[in-house]
Amino acid sequence: MRVGLTGCNLVGQSLSRNESQSFCAINPTNNKSLEPFFFIAGNEEIQGALEKATAAFPVLQEKSGSETGLLLRGIKNELELNAKIILMRYQLESGLAAERAQIEFNRTLLQIDQFIELAESSSWREPSIDTPQNRSLITPDLRKMNVGIGPVLVFGASNFPLAYSTAGTDSISALAAGCPVIVKAHPYHPGTSELVAQCIRNAIEMADFPDGTFSHLFDDGFSVAEKLVMDKRVKAVGFTGSQTGGRALFDLANSRPDPIPVFAEMGSTNPMVVFPDLLKEKTADWANAIAQSVTNGAGQFCTKPGLIFCLVSPETTPFIDALIRCVSEEKNMEMIHPNLRENYLRKVKLSCEKIKDRQVDVTFDNVESLVLTCSASQFIADPSLQSEVFGPFALVVLAESVVELNQCLESLEGQLTGSVLGSFSELGKNYETLQLIRSKVGRVILNGVPTGVTVCPSMHHGGPYPASTDSRFSSVGIDAIKRFVRPQSFQNWPNELLPPALRNDNPLNLNRRVDGNWSFAEIKP
């Protein structure tokens, strides 16, 4: 079914508009408002979404893997059917190029495909069975599997209107686990979010899923978010954004009488360590590759390298000069929203004021890409230099020795990624440096740049705090479903009353133990 903008909140399957408060999206290329008005959710919409999600949850938990897969497949089909209007609005609200929009759209579809397969297999339930051979024994019959955690609140991300927002990994993984989803749309791209929400609504109707499976609410402030997070009917939160925003939600959720998990991915400076041997023959190549990673998408990727650590050597100066030249060639870059632009310029200005050892000529009329340099001693002495600058900016830190380099790495907070560039010989001689990087990050890259997050089971997108609130979980790949499930054991239940995933005749039950011995159920076609 075709979709179109209304500015209304989606409370379950019903459109609702509270006309007392509204806002407009902004076109970042000209700073002009975009139609229509989007109506901020009032208490009636908030309570309605929560009531419907609560009622839908037990119904969704009884859905089979094939039924859930049918819903997800319907969402993908609706997105493809309405791709043109979604991508047009995406570009208007983000200022991003058509190529970037298409890449992110394709990635969103790929994510859904992977969760369709996961839902249909029901393998995410990870059933485990311990059965005594003799029922007269004291040892109980124990069976365990994962179940959905309950209604999930998802916050759209400012820099990814599709892949990390309304039908992004958070929403799709929660739906795959049979959890109702309430999306709080991001105010920077409300139109894109509404069009995608209508696609989900259409798919829910066609799959005959319950009213309350999905809701979509607007707000350009924090009131709606606070009310949702504090409500006892919400059982988990998914968030991608700033450390300030993620930590505020985390603290709010933990202040509840019944604290709930907040799975927040909060950005990173993604440090790179560059050893000199690799630069001897390919100085220009590596400078260009890193520059592209810094400036790609105006530096608005959570995996943009913001810190580059170099050992002082004859190869270092030509590399830094080439890097500065490559980065500075990217001029007048548009950012997704005027607020992001202003924040970027403010942080760059502060960095320029702090770092005195390299003179730079920066006009703050436009979003300029920029590389600054400082000494390792200054970096260690000033923890604020670790702070993420969201935009096309990088700081090169010059260390006089490996000892000083390692001191810099020891001072780092948790990161999403860490990259090491060096020859095999250099890496072998500097194992302590590799261990330090590994201790700080969720994904470690060898001789490559961190931008480009492949959607596959082996990808981990998370890291020690403050990169994320829980480094054990990923917001990319099928393992993202683990954030919205909990294990549940069934003791001495008759086979007929067990969930299908734990019954004796279920071919998924391969890990069955009988009195401590493994036996494998026969898989029947």
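The values are calculated or read from the model by the stated rules, or taken from the named source; none is laboratory data. Quick caveat: nothing in here was measured; it's all calculated off a predicted structure. Heads up, the Cβs are rebuilt from the backbone with ideal geometry, glycines too, and the neighbour counts pull from every protein chain shown.
Are any of the residues in the range 16-24 more than 22 Å from V181 (Cα to Cα) and under 27 Å from the mean Cα position of the chain (by Cα)? Yes, the range 16-24 contains at least one residue that is more than 22 Å from V181 (Cα to Cα) and under 27 Å from the mean Cα position of the chain (by Cα). Restricting the range 52-82 to residues that are touching a residue at least 60 places away in the same chain (Cβ under 8 Å) and small (G, A, S), the residue that is surrounded by the fewest Cβ atoms within 10 Å (Cβ to Cβ) is S64. Please tell me if I260 is among the β-branched types (V, I, T) and either under 30 Å from V3 (Cβ atoms) or in a helix (DSSP H, G or I) (or both). Against the criterion (among the β-branched types (V, I, T) and either under 30 Å from V3 (Cβ atoms) or in a helix (DSSP H, G or I) (or both)), I260 does not qualify. Of all the residues that make up the range 305-330, how many are within 23 Å of S375 (Cβ to Cβ), surrounded by 18 or more Cβ atoms within 10 Å (Cβ to Cβ) and of a type outside the set (S, T, Y)? The number of residues fulfilling the criteria is 15.
Within the range 205-223, being surrounded by 23 or more Cβ atoms within 10 Å (Cβ to Cβ) and not hydroxyl-bearing (S, T, Y) holds for F209, G212, F214, H216, L217, F218, D219. Just one of the listed residues (S419, S439, S425) is without any contact (Cβ under 8 Å) to a residue 60 or more places away in the chain, in the same structural domain as F301 (by TED's automatic domain parsing) and not in a loop (DSSP other than H, G, I, E, B), and it is S439. For E104, the test of being at pLDDT 95 or above, of a type in the set (D, E), assigned to a helix (DSSP H, G or I) and over 27 Å from the mean Cα position of the chain (by Cα) is failed.
A search for C-beta distances below 7 Å between a residue of the range 299-314 that is closer than 13 Å to L395 by Cα and any residue that is small (G, A, S) and assigned to a helix (DSSP H, G or I), counting only pairs 6+ apart in sequence or on different chains, returns K304/S293; P305/S293. Quick check: anything in the range 367-389 buried (at least 22 other Cβ atoms within 10 Å of the Cβ), touching a Pro at 6+ places or on another chain (Cβ under 6 Å) and assigned by TED's automatic domain parsing to the domain that holds S293? Yes, the range 367-389 contains at least one residue that is buried (at least 22 other Cβ atoms within 10 Å of the Cβ), touching a Pro at 6+ places or on another chain (Cβ under 6 Å) and assigned by TED's automatic domain parsing to the domain that holds S293. Taking the listed residues L87, L96, L34, the one that is hydrophobic (A, V, I, L, M, F, W, C), assigned to a helix (DSSP H, G or I) and more than 27 Å from D479 (Cβ to Cβ) is L87, with no other qualifying. Beta carbons closer than 6 Å, at least 6 apart along the sequence or on distinct chains, pair a first residue in the range 170-188 that is of a type in the set (S, T, N, Q) with a second that is modelled with pLDDT of 95 or more and not in a helix (DSSP H, G or I) for S171/V154; S171/V181. Scanning the range 290-342 for residues being part of a loop (DSSP other than H, G, I, E, B) and either touching a strand residue (DSSP E or B) at 6+ places or on another chain (Cβ under 9 Å) or over 24 Å from G246 (Cα atoms) (or both) gives a total of 16. Residues in the range 25-39 that are at pLDDT 95 or above and either aromatic (F, W, Y) or over 25 Å from the mean Cα position of the chain (by Cα) (or both): K32, S33, L34, E35, P36, F37, F38, F39.
What number of residues within the range 368-382 satisfy the criterion of being part of a strand (DSSP E or B) and of a type in the set (A, V, I, L, M, F, W, C)? Residues in the range 368-382 being part of a strand (DSSP E or B) and of a type in the set (A, V, I, L, M, F, W, C): 4 in total. Quick check: anything in the range 89-101 buried (at least 19 other Cβ atoms within 10 Å of the Cβ), out of contact with any strand residue (DSSP E or B) (no Cβ under 7 Å at 6 or more places or on another chain) and closer than 26 Å to V59 by Cβ? The answer is no, given that none of the residues of the range 89-101 is buried (at least 19 other Cβ atoms within 10 Å of the Cβ), out of contact with any strand residue (DSSP E or B) (no Cβ under 7 Å at 6 or more places or on another chain) and closer than 26 Å to V59 by Cβ. Number of residues in the range 269-291 that are out of contact with any helix residue (DSSP H, G or I) (no Cβ under 8 Å at 6 or more places or on another chain) and at negative phi: the value is 5.
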